[in-house]
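S.K.: Questions regarding the structure given below will be posed in turn.
The values are calculated or read from the model by the stated rules, or taken from the named source; none is laboratory data. Every value quoted in this text rests on a predicted model; they were computed, and no experiment measured them. Neighbour counts are summed over all protein chains in view; Cβ atoms, including those assigned to glycine, are modelled from backbone coordinates with ideal geometry. For the accessible areas, the whole protein counts, side chains as well, though only heavy atoms, and no ligand, DNA or RNA atoms are used. Shrake-Rupley method; radii C 1.70, N 1.55, O 1.52, S 1.80 Å.
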Amino acid sequence: MSLIKKSNELVIPSTVKMMIYGQAGMGKTTVALSSPKPLLLDFDNGVKRVNLAHLEGVDIVQVGSWQDVQQVLLEDLTAYQTIVVDTIGKMMDFIISYKCGTRQPQIRDWGGINAEFSWMTRTLSSLNKNVVFVAHRDTRKEGDDTVFIPALREKSYNSIVTELDLLGYLEMRNENGVQKRTITFDPTSRNDGKNTCNLPGLMNVPTIVDSKGNAIGKNDFITTQVINPYLAMLQEKKAEQEAYNKVIAEIQ
């Protein structure tokens, strides 16, 4: 069988790979956990800041060493639809400690560090699950402009962003005197982004806790507003492909 495919013969994916980044206190972990049936790989000990009501049904791996990650990715993960990596920057710290111990990495170490990082991303991709990376915010200077980007070593960032379907910047905006949390997946002059799913340019993230910290809403933003629309778009493409194939078969 030929490996060369027509556009109507391509395998259409059914999962999403994304990264969400923003400054501290934006609720990045909570938003990431609004994905369907998540397993949280907690590198950053961020789960302690998540409202307990929004951890219902969430299983957690409190990563203590890189060996923990190697072990858990070999376990049966069929119960989960999404793997959440929080944060990807801290994950890199665990890889560096695994490869270098307590000393600072040297030039000769980066080949092995990058290889381990690539193993992690390849393994996650092979699981056929949604993957959500969480990252802190960093900045990049472009002339006189400051652009917000994920806090990740440049080479690692460049290698992983090409594999993402979505890259979203989460921030707090002032709209007519009201503070609203928003996320954009569009690249702009002030933030990096990636939006292959044709999502709206700016999306409001709903408030799901009151001023006393009580849960007042279901934590399902990524599921209902991002992944479901994306999968619906893929199903529409699949239906068009099947209709095309049927017509071609009838003609033949």
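S.K.: If you scan segment 183-193, which residues turn out to be hydroxyl-bearing (Ser, Thr, Tyr) and surrounded by fewer than 15 Cβ atoms within 10 Å (Cβ to Cβ)? Working first, answer last.
M.R.: Looking only at segment 183-193, we keep the residues that are hydroxyl-bearing (Ser, Thr, Tyr), and these are 184, 188-189.
Once the filter is applied, which keeps residues that are hydroxyl-bearing (Ser, Thr, Tyr) and surrounded by fewer than 15 Cβ atoms within 10 Å (Cβ to Cβ), segment 183-193 yields Thr188, Ser189.
S.K.: Here's something else I'd like to know. Of everything in segment 130-167 that's among the small types (Gly, Ala, Ser) and in contact (Cβ under 8 Å) with a residue 12 or more places away in the chain, which residue is farthest from Pro187 (Cα to Cα)?
M.R.: Within segment 130-167, the first condition is being among the small types (Gly, Ala, Ser), and the residues that meet it are 135, 143, 151, 156, 159.
Cutting the leftovers down to in contact (Cβ under 8 Å) with a residue 12 or more places away in the chain gives us 135, 151, 156, 159.
Working: Ala135: 16, Ala151: 16, Ser156: 19, Ser159: 17 Å.
Within segment 130-167, the match that is farthest from Pro187 (Cα to Cα) is Ser156.
S.K.: List the number of the failed condition for Val50; all other conditions in (1) crowded, with 20+ Cβ neighbours inside 10 Å; (2) touching a strand residue (DSSP E or B) at 6+ places or on another chain (Cβ under 7 Å) hold.
M.R.: (2)
S.K.: Would you confirm whether or not segment 77-87 contains a residue that is more than 15 Å from the chain's Cα centre (by Cα) and farther than 21 Å from Val16 by Cα?
M.R.: Checking segment 77-87: not a single residue is more than 15 Å from the chain's Cα centre (by Cα) and farther than 21 Å from Val16 by Cα.
S.K.: Restricted to segment 144-157, and to residues that are in a helix (DSSP H, G or I) and out of contact with any strand residue (DSSP E or B) (no Cβ under 7 Å at 6 or more places or on another chain), which residue is surrounded by the fewest Cβ atoms within 10 Å (Cβ to Cβ)?
M.R.: So the residue we want is Glu154.
S.K.: Using beta carbons and a limit of 8 Å, which pairs, at least six apart or on different chains, have the first residue in segment 22-45 and in contact (Cβ under 8 Å) with a residue 24 or more places away in the chain and under 17 Å from Met91 (Cβ atoms) and the second one surrounded by fewer than 24 Cβ atoms within 10 Å (Cβ to Cβ) and among the aromatic types (Phe, Trp, Tyr)?
M.R.: Qualifying pairs under 8 Å: Pro38/Tyr80; Leu39/Tyr80; Phe43/Phe94.
S.K.: Would you check which residues across segment 158-179 are of a type in the set (D, E, K, R), closer than 14 Å to Leu202 by Cβ and loosely packed, with under 15 Cβ neighbours inside 10 Å and list them?
M.R.: Matches in segment 158-179: Arg173, Glu175.
S.K.: Turning to a different aspect of this structure: Please indicate, with yes or no, whether at least one residue in segment 138-153 is closer than 26 Å to Thr15 by Cα, under 13 Å from the mean Cα position of the chain (by Cα) and at pLDDT below 85.
M.R.: no
S.K.: Let me ask something else. Picking from Ile160, Ile113, which residue would you name as being part of a helix (DSSP H, G or I), under 22 Å from Gln23 (Cα atoms) and at pLDDT below 90?
M.R.: Numbers: Ile113 fails: under 22 Å from Gln23 (Cα atoms).
Among Ile160, Ile113, only Ile160 is part of a helix (DSSP H, G or I), under 22 Å from Gln23 (Cα atoms) and at pLDDT below 90.
S.K.: Name every residue in segment 14-36 that is touching a strand residue (DSSP E or B) at 6+ places or on another chain (Cβ under 7 Å), under 17 Å from Ser125 (Cα atoms) and part of a loop (DSSP other than H, G, I, E, B), in order of residue number.
M.R.: Thr15, Val16, Ser35, Pro36
Conditions (1) aliphatic (A, V, I, L, M); (2) surrounded by 18 or more Cβ atoms within 10 Å (Cβ to Cβ), marked per residue:
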| site | (1), (2) |
| --- | --- |
| Trp66 | no, yes |
| Val69 | yes, yes |
| Leu77 | yes, no |
| Gln81 | no, no |
| Lys90 | no, yes |
| Pro105 | no, no |
| Ala115 | yes, no |
| Trp119 | no, no |
| Lys129 | no, yes |
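S.K.: Here's a follow-up. Among the candidates Tyr244, Tyr230, single out the residue that is touching a residue at least 40 places away in the same chain (Cβ under 8 Å), of a type outside the set (Lys, Arg) and open to solvent by 60 Å² or more (accessible area, probe 1.4 Å). Steps first, answer last, please.
M.R.: On the way: Tyr230 fails: open to solvent by 60 Å² or more (accessible area, probe 1.4 Å).
It is Tyr244.
S.K.: Here is a follow-up. Just give me the residues in segment 113-127 being closer than 22 Å to Tyr80 by Cβ and of a type in the set (S, T, N, Q), in sequence order.
M.R.: Listed by number, the residues that qualify are Thr121, Thr123, Ser125, Ser126.
S.K.: Could you check, for segment 182-202, whether at least one of its residues is part of a helix (DSSP H, G or I) and under 23 Å from Lys90 (Cα atoms)? Explain how you work it out, then say what you get.
M.R.: Here is the first cut: in segment 182-202, the ones part of a helix (DSSP H, G or I) are none.
Taking every residue of segment 182-202 in turn, none turns out to be part of a helix (DSSP H, G or I) and under 23 Å from Lys90 (Cα atoms).
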